[in-house]
Amino acid sequence: MNLLENIPLAPLTTIKIGGPARYFVEAKTIGEVHEAVAFARSRDLHLFILGDGSNLIVADSGWPGLVLKISLQGIDQQTAHDDDGKVLFDAGAGESWDRFVSHAVMAHCAGVECLSGIPGSVGGTPVQNVGAYGQEVSETIASVQVLDLKDGQVRELCREACEFTYRASIFNTTQQGRFIVLRVTYALTPDGKPHISYADLKRHFEGRETSPNLAETREAVRHIRALKGMLIVPGEPDCQSAGSFFKNPVLSETQHADLEKRAAARGLTVPSYPALETRKKVSAAWLVEHSGFTKGFGSERVGISTRHALAIVNRGRATAADVVTLKDQIQQRVQEIWGIQLEPEPVMVGF
Ligand SMILES: Cc1cc2nc3c(=O)[nH]c(=O)nc-3n(C[C@H](O)[C@H](O)[C@H](O)COP(=O)(O)OP(=O)(O)OC[C@H]3O[C@@H](n4cnc5c(N)ncnc54)[C@H](O)[C@@H]3O)c2cc1C
């Protein structure tokens, strides 16, 4: 195990913000994960598990304990199909998620093609049940191999045990901080058709006579994401972000009716779509934009992406405090105008 001290965390995040880690270990083997955990225990240090830093806001003061970066690599495609005829792929938690998607698409296996271009590691995907363009990893995760910090055992959690819901699982709710994800097994459909349900994707393929294949769908998703600044392109100012900053609120019928009334009073119609049978998911981007925070809003240090109303971007010299101030401002205004409390999506580290 290579133990480092006072390592700046900003370069290890996509938004490029945050102070140093007092101690830092990059684990490339399960043995190094165990060693790092034992070191943190022996010094009574708080442990933070780092993936690719694409969903984080790290405090300007950094992290006073140990940051353990999980860099377990490897993608294995199992030769036998499971009982449902799916192909199982095992991927190390430290693998790049987009590299995994590319691998699956090249193997003609469907189930994750709409999740192309999402930054981050494989190990980060079960944590907030990553989703986009009509797919979520909860639909394809068969099991998650974890190190249980409660008793030091390596366990295999089945999909049901992860309790996936919209942008949530046991890993970021009830059991937060208990598990380190080591590997994830995805069950994908061999020679399956791409999932094209989202309006943007349908529009992209409009007028085509033949159905798009998995590779074309992956390219389309990456193209649409790039237009929105949601694909990491080095040097592109609009992608120095942590992705969508707020979750889409899921409202009850009563809350939704109240929102519609408020919108009508302003001559607006709320765009919505059914999330669950009796609840409605509302676009957080719409709420943010209609609260005065339009694309490009902000100062020279921090602001809203010029291409996506939900992304808070570091325009070069932003601090974590700048981001938090803007976040608070947006939440307060949305609450005042629409009566809805927006919930941040990125993890706040060291605050
Ligand atoms: C431009 C951009 C676009 C994005 N678009 C989307 C999108 O479309 N849909 C979506 O769902 N998300 C999106 N995101 C958010 C982000 O990409 C995902 O949440 C991603 O899965 C985070 O993975 P990570 O490895 O970067 O995790 P990190 O940011 O490093 O960590 C996030 C959380 O996961 C935990 N964690 C990470 N790895 C492990 C592990 N091995 N074991 C235990 N805990 C771990 C961390 O402790 C932390 O709590 C976007 C982000 C950006 C910057």
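The values are calculated or read from the model by the stated rules, or taken from the named source; none is laboratory data. Since this is a predicted model, take the numbers as computed values, not measurements. Cβ atoms come from the backbone with ideal geometry, glycine included; neighbour counts cover every protein chain shown. Calculation scope for accessible area: heavy atoms of the full protein, side chains included, ligands and nucleic acids excluded. Shrake-Rupley method; radii C 1.70, N 1.55, O 1.52, S 1.80 Å.
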The base-10 log of I(q)/I(0) that the Debye equation returns for region 134-189 at q = 0.19, 0.22, 0.26, 0.30 Å⁻¹, one scatterer per C-alpha, is -0.64, -0.84, -1.11, -1.34
Mean 1/r over distinct Cα pairs of region 16-62, inverted to a Kirkwood Rh in Å, yields 11.9 Å
Rounded to whole Å², per residue accessible area for region 1-66 with a 1.4 Å probe reads 47 Å²
Of 203-214, 110-121, ordering from highest average Cβ density within 10 Å down gives 110-121, 203-214
One finds the C-alpha centres of region 16-55 and region 188-212 to be spaced, in Å, by 40 Å
Taking 337-349, 285-297 and ranking on average Cβ neighbours within 10 Å, highest first, one gets 285-297, 337-349
Here the equivalent ellipsoid of region 177-236, derived from its Cα gyration tensor, has semi-axes (largest first, whole Å) of 27, 20, 10
For region 1-135, averaging the sequence separation of alpha carbon pairs under 8 Å that lie six or more residues apart and dividing by its residue count, the contact order in percent is 21 percent
Between SER121 and residues 5 or more places away or on another chain, the pairs with built amide H atoms under 5 Å apart involve ASP52, TRP97
tail above 19 Å in the computed P(r) of region 1-146, as % of all Cα-Cα pairs, reads 56 percent
A 1.4 Å probe over the protein heavy atoms gives the chain a carbon and sulfur accessible-area percentage of 50 percent
Per residue, accessible area of region 118-256 with a 1.4 Å probe, heavy atoms of protein chains only, in Å², comes to 46 Å²
Highest mean packing first, using Cβ neighbours within 10 angstrom, the peptides 189-202, 10-23, 172-185 sort as 10-23, 172-185, 189-202
Over its alpha-carbon atoms, region 178-315 yields an Rg and a Dmax in Å of 18.4, 51
Any aspartates and glutamates whose Cα falls less than 17 Å from that of LYS261, other than same-chain ones fewer than 8 residues away, would be GLU253, GLU336
Dividing the mean separation of Cα pairs under 8 Å (6+ apart) by the residue count of region 212-351 yields a relative contact order in percent of 26 percent
In the structure shown, of LYS86/LYS280; LYS228/LYS327; LYS86/LYS228; LYS16/LYS150, the pairs separated by more than 30 angstrom at the C-alpha atoms are LYS86/LYS280; LYS86/LYS228; LYS16/LYS150
Averaging 1/r across every pair of distinct alpha carbons in the chain and inverting yields a Kirkwood hydrodynamic radius, in angstrom, of 21.3 Å
Scoring only Lys, Arg, Asp and Glu (+1, +1, -1, -1) among other residues with Cβ under 11 Å from the Cβ of ILE7 yields 0
Computed on Cα atoms, Rg of region 267-351 relative to 2.2 N^0.38 Å comes out at 1.17
Relative contact order of the chain (C-alpha contacts under 8 Å, at least 6 apart) in percent is 16 percent
